[in-house]
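**Student:** Here's a structure for you.
The values are calculated or read from the model by the stated rules, or taken from the named source; none is laboratory data. All of these numbers come straight from a predicted model, not from anything done at the bench. Methodologically, a virtual Cβ is constructed for each residue, glycine included, from the backbone with ideal geometry; neighbour enumeration extends over all protein chains shown.
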Amino acid sequence: MFATKVQQMEMGDSFEEERASVLTAEACAFLTKLAQAFESRRQELMEARRKRQREIDDGRMPDFLPETAHIRDSVWKAAPVPPALLDRRVEITGPVERKMIINAMNSGANVFMADFEDSNSPTWANVIEGQINLRDAVRRTISYTSPEGKHYRLCDAPALLMVRPRGWHLDEKHFTVDGKPISASLFDFGLFWFHNAHTLVQNFERPCFYLPKLESHLEARLWNDVFVMAQQKLGIPRGTIRATVLIETIFAAFEMHEILWELREHSAGLNCGRWDYIFSVIKKFRNHRHFVLPDRAQVTMDRHFLASYVNLLVQTCHRRGVHAIGGMAAQIPIKNDPAANEAALKRVRQDKLREVWAGHDGTWVAHPALVPLAREVFDTYMRSANQIDCKREVVHVTAGDLLTLPQGEITEEGLARNIDVGLQYLAAWLRGNGCVPIYNLMEDAATAEICRAQVWQWLKHGVRLSDGRPLTAGFVKEIIEQQRSRLDAQLPASELALACRLYEEMILSPDFHEFLTERAYGCLDQAGTQRKGLDNGRR
């Protein structure tokens, strides 16, 4: 049946007590039922991803599916938006760390998305601790005391909680079913659902989720079937769950209507997961030279392929009666440079103006300090709870619009910045921190993915830098070594060395590794990745 394994010598007795309080026999039995019901379908869908990639490599470009044209063309709506979800104008995101949960839920945002995925390094300690933290947040008992003695607790009107489990492609290696690791998606969702669904319903709150990294409507169908079974097993009415899907892969952009159709009884809309979307474009078309992107800084949301993606998402959501949520503002306060801080806030304002004018019903921020700015913009230009009545009927987006990538320069500065930021993030991730401030931006795994994918793509196609020099493997190695030397005094030696090795292996490999986090996952929970703060500030 099921089995769990944990490195007890590293974690200690306190962690074992916490783990036992979450992984009860009943909870484990529930997870086992989910895995046995859906694991074979998950594996089939992962093979379908690989098959589709082979087709792209052979030159078959994605398009809107002819077999589902009737879904796109017919008139239908998703389930009505529940009252608690009508107004989502400002959403804040962050990992499932105790202090961050409290600060985010107290930030004044409408929604807090608690993230087991890209902003959480999935050490076993982080995953279990995150479940405990969310259980306490649902029950309004969560608190935290800092080493300096400052006490944190929830305010009287906290943000609505949403939870993002890890993607379908990831395993949770510490929990096995029938001798195989359980899907990380099922583990994160199932454990939260089992412990909190009844409490949420009793408190007249909706169990709400964000679904990452979907590549097809069939993957959405799998989630819907998981929801149906999970509700049935706990005796909760079908349709209670609401889920927002992040459109952060190029394939999902061609199947927005179909994804909403599959989840229509549980849908809360779609979100522009723009950083992972850019990564997906690089990854899926990696073997085609005409899909090479310029420096990351030049790939902005006003570029045609990204503006088209936004317009299609807003139109699709509003046609089906659900929310279209905008992308992340990753800026964090620059306390020691008022002029730079003002310039950063100006960029955030312009980004949020673009989103509200495009018809979005809400937006994301990464730091509580940005909540008032985002709210001001949406309060000014979105006077009602949402803009779902704005149908954007004049929008017409073709496959060509989604696949027309921008031209631009590839510079040594862009190359160095990719390697620099990627190494800093990966080193932090390896020591258990998945939400990392780098150069006044709050970065998550999508950043490191774009950085290494771009360099791999540039090498693959033998690009020339803006000054005419060819980009070679030797030059990339030289830049990695330069950045390693520069970062040596700032980062722990063991994690930096491992990050450099992993990054170099993945960038120089003739084969592209689908996910950095998947490749690096086996390096977590080793000697250098200890649990941070066993009591986690609980009092």
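**Student:** Out of Glu504, Glu495, report the one residue that is closer than 30 Å to Ala340 by Cβ and in a helix (DSSP H, G or I).
**Tutor:** Testing whether each residue is closer than 30 Å to Ala340 by Cβ and in a helix (DSSP H, G or I) leaves just Glu495.
**Student:** Something else: Suppose we filter Asp351, Asp401 for residues that are out of contact with any His (no Cβ under 8 Å at 6 or more places or on another chain) and under 22 Å from Thr300 (Cβ atoms); which single one remains?
**Tutor:** The unique qualifying residue is Asp351.
**Student:** While we're here: When you go through (1) of a type outside the set (Asp, Glu); (2) farther than 30 Å from Lys460 by Cβ; (3) over 21 Å from the mean Cα position of the chain (by Cα) one by one for Val245, which number turns out not to apply?
**Tutor:** Against the list (1) of a type outside the set (Asp, Glu); (2) farther than 30 Å from Lys460 by Cβ; (3) over 21 Å from the mean Cα position of the chain (by Cα), Val245 comes up short only on (3).
**Student:** Scan segment 363-375 and tell me whether some residue there is of a type outside the set (Phe, Trp, Tyr), outside the structural domain of Phe116 (by TED's automatic domain parsing) and touching a Phe, Trp or Tyr at 6+ places or on another chain (Cβ under 8 Å).
**Tutor:** no
**Student:** So, one more: Going by the conditions given, is Asp295 out of contact with any strand residue (DSSP E or B) (no Cβ under 8 Å at 6 or more places or on another chain) and under 17 Å from Ala446 (Cβ atoms)?
**Tutor:** Numbers: out of contact with any strand residue (DSSP E or B) (no Cβ under 8 Å at 6 or more places or on another chain): yes; under 17 Å from Ala446 (Cβ atoms): yes.
Yes.
**Student:** With respect to Gly59, is the statement that it is more than 19 Å from Ala330 (Cβ to Cβ) and either exposed (fewer than 15 other Cβ atoms within 10 Å of the Cβ) or in contact with a His (Cβ under 6 Å, 6 or more places away or on another chain) (or both) true?
**Tutor:** Yes; evaluated as a whole, the condition is true for this residue.
Residues checked against (1) hydroxyl-bearing (Ser, Thr, Tyr); (2) over 23 Å from Asp58 (Cβ atoms); (3) in contact (Cβ under 8 Å) with a residue 60 or more places away in the chain:
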| residue | (1), (2), (3) |
| --- | --- |
| Phe227 | no, yes, no |
| Lys233 | no, yes, yes |
| Arg238 | no, yes, no |
| Ile241 | no, yes, no |
| Trp261 | no, yes, yes |
| Ser280 | yes, no, no |
| Pro294 | no, yes, yes |
| Val299 | no, yes, yes |
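**Student:** If you don't mind, another one. Answer with yes or no whether Glu265 is acidic (Asp, Glu) and within 21 Å of the chain's Cα centre (by Cα).
**Tutor:** Against the criterion (acidic (Asp, Glu) and within 21 Å of the chain's Cα centre (by Cα)), Glu265 does not qualify.
**Student:** Also, I was wondering about something else. Has segment 26-45 got at least one residue that is at pLDDT 95 or above and not in a helix (DSSP H, G or I)?
**Tutor:** No, that holds for no residue.
**Student:** Also, quick follow-up: When Thr93 is evaluated against the numbered criteria (1) among the hydroxyl-bearing types (Ser, Thr, Tyr); (2) assigned to a strand (DSSP E or B); (3) touching a helix residue (DSSP H, G or I) at 6+ places or on another chain (Cβ under 6 Å), which criterion, by number, is the only one it fails?
**Tutor:** (3)
**Student:** Moving on. Would a scan of segment 230-239 turn up a residue that is under 30 Å from Glu449 (Cα atoms) and either of a type in the set (A, V, I, L, M) or crowded, with 24+ Cβ neighbours inside 10 Å (or both)?
**Tutor:** Looking for residues that are under 30 Å from Glu449 (Cα atoms) and either of a type in the set (A, V, I, L, M) or crowded, with 24+ Cβ neighbours inside 10 Å (or both), one finds none in segment 230-239, hence no.
**Student:** Give the residues of segment 212-248 that are in contact with a His (Cβ under 8 Å, 6 or more places away or on another chain), over 18 Å from Asn196 (Cβ atoms) and part of a loop (DSSP other than H, G, I, E, B), sorted by residue number.
**Tutor:** Passing the criteria: only Lys213.
**Student:** How many residues are free of Cβ contacts under 8 Å to residues at least 60 places away in the same chain and either within 22 Å of Phe305 (Cα to Cα) or in contact with a strand residue (DSSP E or B) (Cβ under 8 Å, 6 or more places away or on another chain) (or both) if we restrict to segment 378-397?
**Tutor:** Total satisfying the criteria: 2.
**Student:** I'd like the full set of residues that are outside any helix (DSSP H, G or I) and either surrounded by fewer than 20 Cβ atoms within 10 Å (Cβ to Cβ) or within 19 Å of the chain's Cα centre (by Cα) (or both), limited to segment 411-435.
**Tutor:** Across segment 411-435, the qualifying residues are Thr411, Gly432, Asn433, Gly434, Cys435.
**Student:** A further question on this structure: Let me spell it out: the conditions are (1) under 30 Å from His367 (Cα atoms); (2) out of contact with any helix residue (DSSP H, G or I) (no Cβ under 6 Å at 6 or more places or on another chain); (3) touching a residue at least 12 places away in the same chain (Cβ under 8 Å), and Trp76 meets all of them except one. Which number is the exception?
**Tutor:** Just one mismatch for Trp76, condition (1).
Let's see how each residue does on (1) of a type outside the set (A, V, I, L, M); (2) in contact with a helix residue (DSSP H, G or I) (Cβ under 8 Å, 6 or more places away or on another chain):
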{"residue": "Gly108", "(1), (2)": "yes, yes"}
{"residue": "Val111", "(1), (2)": "no, no"}
{"residue": "Ile128", "(1), (2)": "no, yes"}
{"residue": "Leu154", "(1), (2)": "no, yes"}
{"residue": "Ala157", "(1), (2)": "no, no"}
{"residue": "His169", "(1), (2)": "yes, yes"}
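**Student:** Among what's in segment 291-327 and is over 14 Å from Leu246 (Cα atoms) and aromatic (Phe, Trp, Tyr), pick the residue that is surrounded by the fewest Cβ atoms within 10 Å (Cβ to Cβ).
**Tutor:** Among those that are over 14 Å from Leu246 (Cα atoms) and aromatic (Phe, Trp, Tyr), it is Phe291.
**Student:** Another question, then. Given the criterion over 30 Å from Asp57 (Cβ atoms), charged (D, E, K, R), touching a residue at least 60 places away in the same chain (Cβ under 8 Å) and not assigned by TED's automatic domain parsing to the domain that holds Lys99, identify the matching residue among Arg484, Arg452. Lay out the reasoning, then the answer.
**Tutor:** On the way: Arg452 fails: over 30 Å from Asp57 (Cβ atoms).
From the options Arg484, Arg452, the qualifying one is Arg484.
**Student:** For segment 444-464, state whether one or more residues are in a loop (DSSP other than H, G, I, E, B), closer than 28 Å to Gln331 by Cβ and not acidic (Asp, Glu).
**Tutor:** no
**Student:** Condition first: modelled with pLDDT under 70, part of a helix (DSSP H, G or I) and surrounded by 12 or more Cβ atoms within 10 Å (Cβ to Cβ). Now tell me which residues in segment 1-25 satisfy that.
**Tutor:** The answer is Glu10, Met11, Gly12.
**Student:** Please determine whether any residue of segment 318-325 is of a type in the set (A, V, I, L, M), under 18 Å from Leu85 (Cα atoms) and touching a Phe, Trp or Tyr at 6+ places or on another chain (Cβ under 9 Å).
**Tutor:** Checked against the condition, which is being of a type in the set (A, V, I, L, M), under 18 Å from Leu85 (Cα atoms) and touching a Phe, Trp or Tyr at 6+ places or on another chain (Cβ under 9 Å), segment 318-325 yields at least one hit.
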